[in-house]
1. Mind listing which trypsin sites (Lys or Arg not before Pro) in the chain are in a DSSP loop and have 10 or fewer other Cβ atoms within 10 Å?
2. Could you pull out every residue, at least 5 positions away or on a different chain, whose amide H is within less than 5 Å of the one on L34? Hs are placed 1.01 Å off N in the peptide plane, and Pro or chain starts have none.
3. Excluding same-chain residues fewer than 8 positions from K59, which lysines have a Cα within less than 27 Å of its Cα?
4. Under a point spin-label approximation (7 Å from Cα along Cα-to-Cβ), what is the L38-V5 distance to one decimal in nm?
5. What three numbers, in Å, describe the spread of the alpha carbons of the stretch 32-88 along their principal axes, ordered from the longest?
6. Any idea what the dipole of the stretch 13-88 comes to, in debye rounded to 20, about its Cα centre with Lys/Arg Cβ at +1 and Asp/Glu Cβ at -1?
7. Summing +1 for each Lys or Arg and -1 for each Asp or Glu, what net charge is found among the other residues whose Cβ lies under 12 Å from the Cβ of K15?
8. In a shell of Cβ-Cβ distance under 15 Å around A54, excluding A54 itself, what net charge do Lys and Arg (+1) and Asp and Glu (-1) give?
Amino acid sequence: MKLPVFCPSCEQPLKVSQLKCGNCPTEVNGDYELPLYLNLSREEQDFIMAFFLASGSIKEMARQANTSYPTMRNRMDDMIEKIKKMQP
């Protein structure tokens, strides 16, 4: 199950407010931003993982997805632009 990152009521980004240790009763409370990676869709996260597992080779990713290099490159460029817009 994927961690929810958007409010089911108003669709605004959620923030982390509490973390608990699974080994002891320690709890950490605050108002923390989620890492950028978690704000991406499952498909985008899978794309990044595939890129990593392909040793950063777009050519290899295209081969595995049975698509052309330019198609995969365009997808990569679109994701780069999206991530740039998400950064502060």
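1. Values: sites: K2, K15, K20, R42, K59, R63, R73, R75, K82, K84, K85; in loops: K2, K15.
Qualifying residues, ordered by number: K2.
2. V16
3. Cross-link targets: K82, K84, K85.
4. Distance between the two pseudo-spin positions: 1.0 nm.
5. Extents along the principal axes: 39, 19, 17 Å.
6. Values: 10 positive and 10 negative charges, 40 e Å.
That gives a dipole near 200 debye.
7. In short, -2.
8. In short, +2.
Bear in mind these aren't lab numbers, they're just calculated from the coordinates by the rules spelled out. On a predicted model such as this, the values are computed, not experimentally measured, just so you know. Cβ atoms come from the backbone with ideal geometry, glycine included; neighbour counts cover every protein chain shown.
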